[in-house]
Structures are given as C-alpha cells and as structure tokens.
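Okay, so here's the structure we're looking at.
The values are calculated or read from the model by the stated rules, or taken from the named source; none is laboratory data. Predicted model, so just to flag it, every value in this text is computed and none were measured. Cβ sites come from the backbone with ideal geometry, for glycine too, and all protein chains shown count toward neighbours. The area values use the complete protein model at the heavy-atom level, side chains included, leaving out ligands, DNA and RNA. Shrake-Rupley method; radii C 1.70, N 1.55, O 1.52, S 1.80 Å.
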Amino acid sequence: MEETIFAVARQEFSQHGFEATTMRKIAQEVGITAPNLYRYVENKDLNKWSIR
C-alpha cells in the first residue's frame, strides 16, 4: 500500500505541485479515506515524501 501511496503522491506533485496537492486528494486517488492515509503517512512533510 505504501508504494501505491507514494507513486500516486509523486504523480499528483508533478501535475499540481507540492503545495497544491492535498492529503485528501492523494487518498482519493489511492482509493482510501484521508484518515486511513494517515495510518501510512503522518503528514505532508516534504522530507518524508522526497526520500521515496
């Protein structure tokens, strides 16, 4: 699941930019709820997203 989340996040960041991409949008694209997304990713801290 984490690989899917990060793949979707990278796609959203490249299409819409980091600031414009929301956790809710990432969750929606993955097909899970935003609260469920936070089980895998604590927040939208750029350092955590860039290491994937």
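Taking segment 30-52 only, how many residues are at pLDDT below 90 and open to solvent by less than 100 Å² (accessible area, probe 1.4 Å)?
Number of matching residues: 9.
Among the residues of segment 9-29, count how many are surrounded by fewer than 19 Cβ atoms within 10 Å (Cβ to Cβ) and among the aliphatic types (A, V, I, L, M).
2
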